[in-house]
Amino acid sequence: MPNTTPPPAYRAYKKFEVYRAAFEGVLEDGRVSAKERAMLIGLRAKLGINELDASALEDDVRTT
């Protein structure tokens, strides 16, 4: 809808979904290279996701 702003919870959810998708893509070969880790750290910073939350999300991806 035009002229609407998504609620903060929705925006946070979408940021986590973007990071999750990026991590799943990186993990396709079963490992995270140093270059890929640097990219993920940069993405995390741009999305405003803290290290603890990113780590928990990565653990979740690895175990599912």
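Does the stretch 13-31 hold any residues that are of a type in the set (D, E, K, R), out of contact with any helix residue (DSSP H, G or I) (no Cβ under 9 Å at 6 or more places or on another chain) and open to solvent by less than 80 Å² (accessible area, probe 1.4 Å), and which are they?
Listed by number, the list holds a single entry, Glu17.
What are the pairs with Cβ atoms under 6 angstrom where one residue, in the stretch 3-31, is free of Cβ contacts under 8 Å to residues at least 60 places away in the same chain and within 21 Å of Glu51 (Cα to Cα) and the other, located anywhere, is assigned to a helix (DSSP H, G or I) and not polar (S, T, N, Q)? Sequence gap at least six, or different chains.
Lys15/Leu47; Tyr19/Leu47; Arg20/Leu57; Ala22/Leu43; Phe23/Glu58; Phe23/Val61; Glu24/Val61; Val26/Glu36
For the chain, which fully contained helices (runs of 4 or more DSSP H) count at least 2 residues that are at pLDDT below 95, within 12 Å of the chain's Cα centre (by Cα) and at positive phi?
Answer list for the chain: none.
The values are calculated or read from the model by the stated rules, or taken from the named source; none is laboratory data. Just so it is clear, the structure is predicted and the values come from calculations on it, not from any experiment. Because the Cβ atoms are built from the backbone with ideal geometry, glycine has one as well, and the counts that use them run over all protein chains shown. Keep in mind that these areas ignore ligands, DNA and RNA; they rest on the heavy atoms of the full protein, side chains included. Shrake-Rupley method; radii C 1.70, N 1.55, O 1.52, S 1.80 Å.
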